[in-house]
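Participant: Structure provided below as structure tokens; questions to follow.
The values are calculated or read from the model by the stated rules, or taken from the named source; none is laboratory data. For clarity, every value in this text was computed on a predicted model and none was experimentally measured. In this analysis, Cβ positions are derived from the backbone assuming ideal geometry, glycine residues included, and neighbour counts consider all displayed protein chains. With ligands, DNA and RNA removed, areas are computed over all heavy atoms of the protein, side chains included. Shrake-Rupley method; radii C 1.70, N 1.55, O 1.52, S 1.80 Å.
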Amino acid sequence: MSEPDPMLESLLTATVNSGSSDLHLTVGRAATARRDGTLVSFENVPVLESDDIDRMVYSLLDERKVAELERDRQVDFSFGVPGLGRFRANAFSQRGVLSLALRVVPFRVRSLEELGAPQACTTLLNRPYGIVLVVGPTGSGKSTTLAAMIDRINETKPVHILTIEDPVEYLHHHKVAMVNQREVGTDVESFPAGLKSALREDPDVVLLGEMRDLDSIQIALSLAETGHLVFATLHTNDAAQALDRIIDVFPAERRDQIQIMLAGALQGVISQRLLPALSGGRVAAYEVMVANEAIKNLVREGKSRQMRNMVSTGGAEGMQTIEMDLARLVASGLISMDVATSSSAYPKEVQAQLATARAHLQAQATVATGQAGSSGSGTYGDEPVSTNGTPPPPPPPTDEPAGV
């Protein structure tokens, strides 16, 4: 790749500086950014012509990617601009001309705490083996959450982390762990080829950018069964859909076997969405399913539709429905009630959960202030207080001499 086209670089700079997440370039429209989930066209910029987009696209591609674009009429890739950031890109043909979609990938990996991720995310990344799925629609922040989880392992564990991505988004540097990142098309031919090779590369943790087909799903499950901790993404709305998607990829005669295999390997599913915050920007809402024995039995029996009931009653194990987290975000003043109810398939449940969330926040605030019970005589907390109006008894005598 040569230097990005100057016009493109100025548009990328404006995108980053405005806090936008995406930049869209298509013929017949001015450059358009997605900010807080909404598309907004740049002002005082020309409407794009096909020659403009051709020039910008080809300034980003090497010979191999050019050949892929001309063969497939689409190509995925990533690149960095020093001092600005990294970008994930897809160039594609529409109506016989090129268009370009770019996603901003910050250089800095945000922590789980900054993302507001539930404690269960930390619990799951500490599992010794198995598979953890992060699911959600396109643009829901799955890559950001996974990057934060991988970074936490990188900071705390002396292990070998191997990622297989298309393309590589967040760059991880060696910390306590060793990290090797392979890009499909550049470092390895395909996801299945990268996963097969992983068996000979001695990884402890494997990040699979997306489970796209039968081969990659089968190999990922085999890795999870053989002592590796595997993280992967799927484009589904919740845990039940994710597990159904995995099982439905296989022929009918193999599904019973895959259900047993998946039940043995599954550690948990994190589902998330990005929502517009009241103060500007976006905030993530999370649903968490931890694969306890009851969940594993439902997977084995193919009863995925019953999992939601298990999640809603599994708070003691770190589970929560998306409605519980939406209610928490409303109670905290981070999102509006309208946003919460419009984002849920069960809006009445959000309303029902809201009272519980507010009571929980009030209890936390009470504890934080150090409030404690007091008697009329001014004793507090653990000091002895009489229950019948008489002074409390003196402390019992000791055998130790005075002054000791």
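Participant: Anything in region 293-335 that is of a type in the set (S, T, N, Q) and more than 22 Å from the chain's Cα centre (by Cα)? List them, or say none.
Facilitator: Residues satisfying the conditions are N297, Q306, N309, T313.
Participant: Does region 69-83 contain any residue that is aliphatic (A, V, I, L, M), at pLDDT 95 or above and open to solvent by 50 Å² or more (accessible area, probe 1.4 Å)?
Facilitator: Within region 69-83, none of the residues are aliphatic (A, V, I, L, M), at pLDDT 95 or above and open to solvent by 50 Å² or more (accessible area, probe 1.4 Å).
Participant: Check R282, R273 and return the single one that is within 30 Å of E225 (Cα to Cα) and surrounded by 16 or more Cβ atoms within 10 Å (Cβ to Cβ).
Facilitator: R273
Participant: Looking at (1) of a type outside the set (D, E, K, R); (2) in contact with a Leu (Cβ under 9 Å, 6 or more places away or on another chain); (3) open to solvent by 10 Å² or more (accessible area, probe 1.4 Å); (4) closer than 19 Å to V290 by Cα, can you tell me which one A224 breaks?
Facilitator: All conditions are met except number (3).
Participant: Hey, among P46, P4, which residue is at pLDDT below 95 and in contact with a Phe, Trp or Tyr (Cβ under 8 Å, 6 or more places away or on another chain)?
Facilitator: The match here is P4.
Participant: Sticking with this one: Being open to solvent by less than 10 Å² (accessible area, probe 1.4 Å) and in contact with a Leu (Cβ under 8 Å, 6 or more places away or on another chain) is the filter here, so list the residues in region 212-221 that pass it.
Facilitator: The answer is S216, A220, L221.
Participant: While we're looking at this one, here's another question. Which of the residues belonging to region 190-213 are modelled with pLDDT under 90 and within 18 Å of T236 (Cβ to Cβ)?
Facilitator: F191, G209, E210, M211, R212, D213
Participant: Within the bounds of region 147-157, is there any residue that is modelled with pLDDT under 90 and over 22 Å from N297 (Cα atoms)?
Facilitator: no
Participant: If you take the residues of region 333-358 that are among the β-branched types (V, I, T) and touching a residue at least 40 places away in the same chain (Cβ under 8 Å), which of them is surrounded by the fewest Cβ atoms within 10 Å (Cβ to Cβ)?
Facilitator: V339
Participant: Let me ask something additional. Could you please give the count of residues in region 1-57 that are in contact with a helix residue (DSSP H, G or I) (Cβ under 7 Å, 6 or more places away or on another chain), under 17 Å from S78 (Cβ atoms) and part of a strand (DSSP E or B)?
Facilitator: Final tally of qualifying residues: 2.
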